[in-house]
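K.L.:
Shown below is the structure under consideration.
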Amino acid sequence: MKEDIMVVVVGAGPAGCSAAEAVAASGGEVLLIDKKSEIGSPVQCGGFLPEAVELEKLMPRAHLPEALREIPERIILHRTHLQRIYSPSGNYKQFAVAGRVLDRRAYDRYLAARAAGAGARVLPATRARLEEGIVHLSGHFNGKIRPEIIIGADGPHSIVSRAMGNPIQETGICLEYEMADVNIDPDAAEMYFSAQYAPGGYAWIIPLGQDMANVGVGVRASYLAGQKLPLILDRFIREHTIAAEKLAGGEVLAVMRGLVPAGGTLGAIQKGNMLLAGDAAGHVMATSGGGIPLAVVAGRIAGEAAIGQLQGKMALTNYASRIREEFGIELSRSVQIRKMVDMAMKSDRLMNALFAALSPAQMKSVMRAQIPAPLASR
Ligand SMILES: Cc1cc2nc3c(=O)[nH]c(=O)nc-3n(C[C@H](O)[C@H](O)[C@H](O)COP(=O)(O)OP(=O)(O)OC[C@H]3O[C@@H](n4cnc5c(N)ncnc54)[C@H](O)[C@@H]3O)c2cc1C
């Protein structure tokens, strides 16, 4: 393996693939490394991605790459048209949201194939370790590389972030089942708030078709009080007044777990020749846990910053401000909203009161990281 590669991207999820594609498309030499034997697998995601028209409202200043706007139909398993949000007391509010539910394994592979098509070299089944600017590879490919630029797109436990000296980020812990033979509303992506069934987070039902769904729960460790996540999710499926009617007879086909950054960006996203994008940088909407769109946009910007630096057109130090310009306001507002809702999450009574104070339109604003009046006054 050549030692003097221009750019190494650690992690071939949405952020890393988009970064590698951007570098390669501009003529840069780039390696895309992932420890997974099969890119995109195992899946750790609900696969929900709003349609492009919704993403334009979520991130109005962001340039959305083609890979977010025009996803091949074979990767879209299902479409939803509503978002329905349940309070702890079982009341719901709903509003129109056009959503795509992706086959996440196929989507990641599509993104990796785009990067490869642009000229990136892809190294699966290969773990990266960083030591004083040298990337050590082990697994299917072995060797040492001293790249000019390193892009850390390696998820919530990023080794690149650690090498930059960043603190460990605040995360939510998620457990999700793919379930068959369920009696769900195939038109609605649902969120359920409840201190009992989803302490410090929410439970969800994301339809995969008429009688299939991803059913999960994401919570924060500080709210768990010793409870085990599988018990919480199983209780939601068996006992929740509303959800149990839809799910109780279903069968679990797959079990997925993973972490989701919950606190926005902590620490630096650029230091020396290192950049962070996607989950590694905390680029996840704290109000919804949605990270796919931000990862693709941030990856694209990281790739552009890397090639810009190499071609003398843009300093790497401009990376953070480019991110802020495209979706920084929405990301930090989502964290602000999450912190406002945190207190209410401790008690179902407070959560019910907050829920009653918000109209469906205001809830939609919250999901778009806009702060409605009843929350602003808290
Ligand atoms: C249960 C669950 C459900 C979710 N549901 C949704 C949803 O419905 N919609 C949504 O928008 N978001 C969802 N998310 C969040 C979303 O999955 C992430 O935000 C998104 O995958 C971030 O992309 P990424 O490229 O930054 O990181 P990842 O997709 O995590 O990719 C990081 C990659 O880096 C690799 N890697 C890590 N360390 C190394 C190393 N040392 N060497 C080599 N490779 C390495 C990993 O193998 C991985 O492939 C969910 C998350 C979870 C956990």
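K.L.:
From largest to smallest, what semi-axes in whole angstrom does segment 242-378 give when each is the square root of 5 times an eigenvalue of its alpha carbon gyration tensor? Could you put the intermediate results ahead of the total?
P.N.:
Details: eigenvalues 238, 85, 29 Å².
Taking √(5λ) for each eigenvalue gives 34, 21, 12 Å, largest first.
K.L.:
Would you tally the net charge around TYR92, using a Cβ to Cβ cut-off of less than 12 Å, leaving TYR92 out, and scoring K and R as +1, D and E as -1?
P.N.:
0
K.L.:
Could you tell me the center-to-center distance, by alpha carbons, between segment 205-251 and segment 65-99 in angstrom?
P.N.:
Spelled out, the Cα-based centre of one part sits 18 Å from the other.
K.L.:
Now a separate question. Would you calculate a helix-derived [θ] at 222 nm for the chain, using -39,500 (n - 2.57) for each DSSP H run of n ≥ 4 and dividing by the full residue count, to the nearest 500? Walk me through the numbers on the way to the answer.
P.N.:
Working: 14 runs with 126 residues, N = 378.
Rounded to the nearest 500, it is -9500 deg cm²/dmol.
K.L.:
Which whole number in µm²/s is D for the chain by Stokes-Einstein, with the Kirkwood Rh taken over Cα pairs at 10 °C and 1.306 mPa s? Can you show the working numbers first?
P.N.:
Numbers: Rh = 21.0 Å.
Taking Rh from Cα pairs, D becomes 76 µm²/s.
K.L.:
Given labels modelled 7 Å from the Cα in the Cβ direction, how far is it in nm from THR241 to SER222?
P.N.:
The answer from the label model is 3.0 nm.
K.L.:
While we're on this one: Can you tell which of VAL9, LEU208, VAL335 lies farthest toward the positive end of the dipole of the chain, using +1 and -1 charges on the Cβ of basic and acidic side chains (Lys, Arg; Asp, Glu)?
P.N.:
Selected residue: VAL335.
K.L.:
Continuing with the same structure: Rounded to the nearest 20 debye, what is the charge dipole size of the chain about its Cα centre when +1 sits on each Lys and Arg Cβ and -1 on each Asp and Glu Cβ? Please report the intermediate quantities before stating the final value.
P.N.:
Numbers: 40 positive and 37 negative charges, 163 e Å.
That gives a dipole near 780 debye.
K.L.:
Could you list TYR110, TYR223, TYR177 so that the one with the fewest beta carbons within 10 Å of its beta carbon is first and the one with the most is last? Present the calculation step by step, with values, prior to reporting the outcome.
P.N.:
Details: TYR110 19, TYR223 16, TYR177 23.
By the 10 Å Cβ count, ascending, the order reads TYR223, TYR110, TYR177.
K.L.:
Taking the Cα centre of segment 239-378 as the origin, how large is its charge dipole in debye, to the nearest 20, when only Lys and Arg (+1) and Asp and Glu (-1) carry charge on their Cβ atoms? Mind dumping the intermediate values first?
P.N.:
Working: 15 positive and 10 negative charges, 84 e Å.
Charge dipole, segment 239-378, about its Cα centre: 400 debye, nearest 20.
K.L.:
If you don't mind, another one. Please compute the modelled spin-label separation between GLN210 and GLU70, points set 7 Å along Cα→Cβ, answer in nm with one decimal.
P.N.:
About 3.2 nm, to one decimal.
K.L.:
Here's something else I'd like to know. Dipole of segment 311-378, Cα-centred, from +1 at each Lys and Arg C-beta and -1 at each Asp and Glu C-beta, to the nearest 20 debye? Show your work: numbers first, answer last.
P.N.:
Details: 11 positive and 5 negative charges, 10 e Å.
Here the size comes out at about 40 debye.
K.L.:
Could you list LEU259, LEU316 in order of exposure, starting from the residue whose Cβ has the fewest other Cβ atoms within 10 Å? All intermediate terms of the calculation are to be shown ahead of the outcome.
P.N.:
Details: LEU259 17, LEU316 20.
Ascending Cβ contact count within 10 Å gives the list LEU259, LEU316.
K.L.:
Continuing with this model, one more query. May I ask for the distance between the Cα centers of segment 179-199 and segment 337-375, given as a whole number of Å?
P.N.:
Spelled out, the Cα-based centre of one part sits 19 Å from the other.
K.L.:
List HIS283, HIS136 from most exposed to least, where exposure is judged by having the fewest other Cβ atoms within 10 Å. Mind showing how you got there, number by number?
P.N.:
Working: HIS283 27, HIS136 13.
Lowest count first: HIS136, HIS283.
Laboratory data are not the source of any read-out in this text; all were calculated from the coordinates shown. Everything numeric here is computed off the predicted structure, so don't read it as measured data. Note: ideal-geometry Cβ built from the backbone for every residue, glycine included; neighbour counts use all protein chains shown.
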